[in-house]
1. For a quick check of your reading: which strands (runs of 3 or more DSSP E) sit entirely within segment 328-430 and have at least 1 residues that are of a type in the set (S, T, N, Q) and surrounded by fewer than 17 Cβ atoms within 10 Å (Cβ to Cβ)?
2. Which one of GLU405, GLU393 is on the phi < 0 side of the Ramachandran plot and modelled with pLDDT under 95?
3. Out of everything in segment 247-277 that is out of contact with any strand residue (DSSP E or B) (no Cβ under 6 Å at 6 or more places or on another chain) and under 30 Å from GLY232 (Cα atoms), what residue ends up being surrounded by the most Cβ atoms within 10 Å (Cβ to Cβ)?
4. All but one of (1) surrounded by fewer than 19 Cβ atoms within 10 Å (Cβ to Cβ); (2) assigned to a strand (DSSP E or B); (3) modelled with pLDDT under 90 hold for SER226, so report the exception by its number.
5. Take segment 72-98 and flag every residue that is aliphatic (A, V, I, L, M) and surrounded by fewer than 17 Cβ atoms within 10 Å (Cβ to Cβ).
6. Could you list, in sequence order, the residues of segment 663-675 that are touching a strand residue (DSSP E or B) at 6+ places or on another chain (Cβ under 6 Å) and either assigned to a loop (DSSP other than H, G, I, E, B) or without any contact (Cβ under 8 Å) to a residue 40 or more places away in the chain (or both)?
Amino acid sequence: MLKKLILILLIATAPLFAKLDDLEEVNFPLNSAVVVDAFPGLDLLAEVMKKYPDLSLKVVGYTDYIGGKNYNKNLSMKRAEAVKAYLLQQGVAASQIATEGRGQDQYKATNDNREGRFQNRRVELLLYEMVNGQKTKVSYERLIALFCGRDVSGVAMVDDHQKIIKKLSELETNQKAIQEAIAAHAKEVKAKEAAAVAVVPEEKAEKDKWQSSHFSHSFKVSPYASISFDIGNDDMDDTNGRLRGNYFRPLNDNVALQMQGEWYYSDDNQEGGFDAAMVFQRNHFKMGGALSYKKINQEGWESALLGQGSVVMNLHFNKGHFGLYATSGFSDGDIIMHEQIDMVYARETYLEVVDQIGLDFGFLAGKNVAVSGSVAKLDTDLSGDLAADLTIECVAYDNYSFYLEGSMNRSLITDDDNMRYALGVRLGAWQQPRYSESGVVSPIKIPAIKYEVKTREVRIGNTAPTADAGMSQTEVPEGTVTLDATASYDREGDTLTFKWVQVAGPVVALATPLEAITTFEGRAGEAYTFMVTVTDLYGETGSDLVQVVMQQAEVPAPVIEFFTATPDTIDEGELVNLNWSTVYADHVVIEGLGQVNTSGSIVLDPRETTVYTLTATNEKGTVSETVTVTVIPEVVPDPNNRPVANAGPDQFRITPGVVQLDGTASYDPDGDTLTYKWVVVSATTAVDMSGADTATPTFNAAASSTYIFRLIVHDGKGGVSTDDVLIQVF
């Protein structure tokens, strides 16, 4: 019902107080993203958006100039999201709302005073509808029209206002009737209470007598409360103020509930606190347990909430008391500032409750004057590790007193002691020290929360670890070789896992490939390359290579394993294959042919009997072997003439495939019939020849190959002739 009345009031007063082009803005306290303003306007907006699902809303957040640019950018987005969250709670669909944070980019007022900064800490509401296929901004006037279900113009608007005003008049009449009924009921209850008091005048007199026996002249067994206000000055010469309220309700003569609240204000700091305690008192001993909360709003900080538990024990004596108390924080650590150091670490500034152990005391210094105070040792590493306060209170009239107060390290603890001096007044019935006169339970002094500012570095990212496989090793003796990657490290200190693999050299077995240190058996004269890969807890990896070169083994004298000629006897014009193999040789020479490989073969066509000598040499010496190839010369009987062999022109091809050799140009001067024989002199690839005993054989030539063939022709009368041909395939 109340919500509907507020909406009606908004509609009725819209033409008087709202700009017709803009919707109402939402303003925020300093460093806050909590919606505390403009609820009626937001409720009206929600009703219209639920009624018209095609409407779309853009929520744009802004800040004042206080704080860094990135901080304000994030804060403005949080404010926009807070308004969106409120509208979602009212039933608006999430698809209708978009948010944006513009930080401190656009000011609508000056930042030189508090009022201007408050106006700049805002959220703008931009509502749109589709008109003739175009996106059109909805004004405040149009919003009211949509709420009423018609256009806001002319007589219709006036008629709507008259109906609303008539409705408000009816509500006012009903309200007056309700108020009159309540007043009559209250008068009746008051009369009954007066009659009840008249019946027991002795009880009232006893209460008055008991009350007057106390220092405050206002203490009663029934609930009582007070409010106080003081203005102070600190050692930075800043003026500040504090407002406190107290409530005390005895549950019986020995047990009571105590609650109190405090609000502290200065130009750059606002603190709000709430305390609740259960108090027990019997004769001269009093004990209380309390829970306390404090909200910190420091300029330039994010707000923080602190919580503390405390135990208080007092011993009363004639006109005075002393006691002990101890506190312990149970809620702290709220981050008030966040600063990114690099991609991996950020610095967080946070608040931490400081635990206390202290002495509480109080005494009467006269009929109307009381002195009270406390001193505490603080559990902190800072230099300001003591806290104290002293209050002198004077009663001027019943339920009215004034006080002087001095305190050291009142709330925020730093290396330097912070002093505050204040003058204040207290209104209401709040018991002063009443020590041994009565056994009725009375309030305790609840220790105030004290806190300090701390910083810490937190992990926000990760970088890849650095692998170190160790220095490359040379001239390593044959045997066990150690690989060591213990110099690998992770910048963030994460635990690393290791994996060794071999990437070059004769294959060996690693003893422990998943450990930082591993071994293998190396052979003399070999070279090995290994890679280690390290992995951190987040899956990032790093790799490094290490090479191990073994000592060379002692070189023995060279050895010729074999040196042969196949066949070792040939007819003139035929071919012979020389084959050889050596070990440990650095230099191998065949006399007449020059330097050759340490092992190999070659095709020759000696024209006469030839002795071939193979010599193998290294630093240890020289060895030689010989082989003789006997060539039987062809005897041509007179008058026969030798034939003429013609293997055809050399061929150069660009494609592989079947190649035909052509020896048809061969002839015999005597006209004798020729026989043909083709042999392979050299070839890049194996040759499978078809028709090797014909004048035109064929074979398959491979790509990028070179072939040399020899044609041998016989005339049948002892005459022989040869010719070579080159086949080159590109």
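1. Values: elements: 335-340, 345-353, 356-364, 369-378, 386-397, 400-408, 419-428.
Per the criteria, 335-340, 345-353.
2. Numbers: GLU405 fails: modelled with pLDDT under 95.
GLU393 is the lone residue from the list that is on the phi < 0 side of the Ramachandran plot and modelled with pLDDT under 95.
3. Step one: filter segment 247-277 for residues out of contact with any strand residue (DSSP E or B) (no Cβ under 6 Å at 6 or more places or on another chain), giving 251-253, 267-268.
Add one more test, that the residue is under 30 Å from GLY232 (Cα atoms), and what stays is 267-268.
Numbers: ASP267: 10, ASP268: 13.
The selected residue is ASP268.
4. Here SER226 clears every test but (1).
5. To start, the set of residues in segment 72-98 that are aliphatic (A, V, I, L, M) comprises 75, 77, 80, 82-83, 85, 87-88, 92-94, 97-98.
Answer for segment 72-98, where residues must be aliphatic (A, V, I, L, M) and surrounded by fewer than 17 Cβ atoms within 10 Å (Cβ to Cβ): ALA85, LEU88, ALA93, ALA94, ALA98.
6. To start, the set of residues in segment 663-675 that are touching a strand residue (DSSP E or B) at 6+ places or on another chain (Cβ under 6 Å) comprises 663, 666-667, 674-675.
Once the filter is applied, which keeps residues that are touching a strand residue (DSSP E or B) at 6+ places or on another chain (Cβ under 6 Å) and either assigned to a loop (DSSP other than H, G, I, E, B) or without any contact (Cβ under 8 Å) to a residue 40 or more places away in the chain (or both), segment 663-675 yields GLY663, SER666, TYR667, LEU674.
Per-residue answers, yes or no, for (1) touching a strand residue (DSSP E or B) at 6+ places or on another chain (Cβ under 9 Å); (2) hydroxyl-bearing (Ser, Thr, Tyr); (3) at negative phi; (4) modelled with pLDDT of 95 or more:
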residue: VAL589; (1), (2), (3), (4): yes, no, yes, yes
residue: ILE602; (1), (2), (3), (4): yes, no, yes, no
residue: VAL631; (1), (2), (3), (4): yes, no, yes, no
residue: THR655; (1), (2), (3), (4): yes, yes, yes, no
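A quick yes/no check of all residues on (1) modelled with pLDDT of 95 or more; (2) surrounded by 16 or more Cβ atoms within 10 Å (Cβ to Cβ); (3) within 30 Å of SER372 (Cα to Cα):
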position: PRO443; (1), (2), (3): no, yes, yes
position: ALA448; (1), (2), (3): yes, yes, yes
position: VAL458; (1), (2), (3): no, no, no
position: THR518; (1), (2), (3): yes, yes, no
position: PHE530; (1), (2), (3): yes, yes, no
position: THR535; (1), (2), (3): yes, yes, no
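The values are calculated or read from the model by the stated rules, or taken from the named source; none is laboratory data. Keep in mind the model is a prediction, meaning the values are calculated, not measured. Quick reminder, even Gly has a Cβ in these numbers, built from the backbone with ideal geometry, and neighbours come from all protein chains shown.
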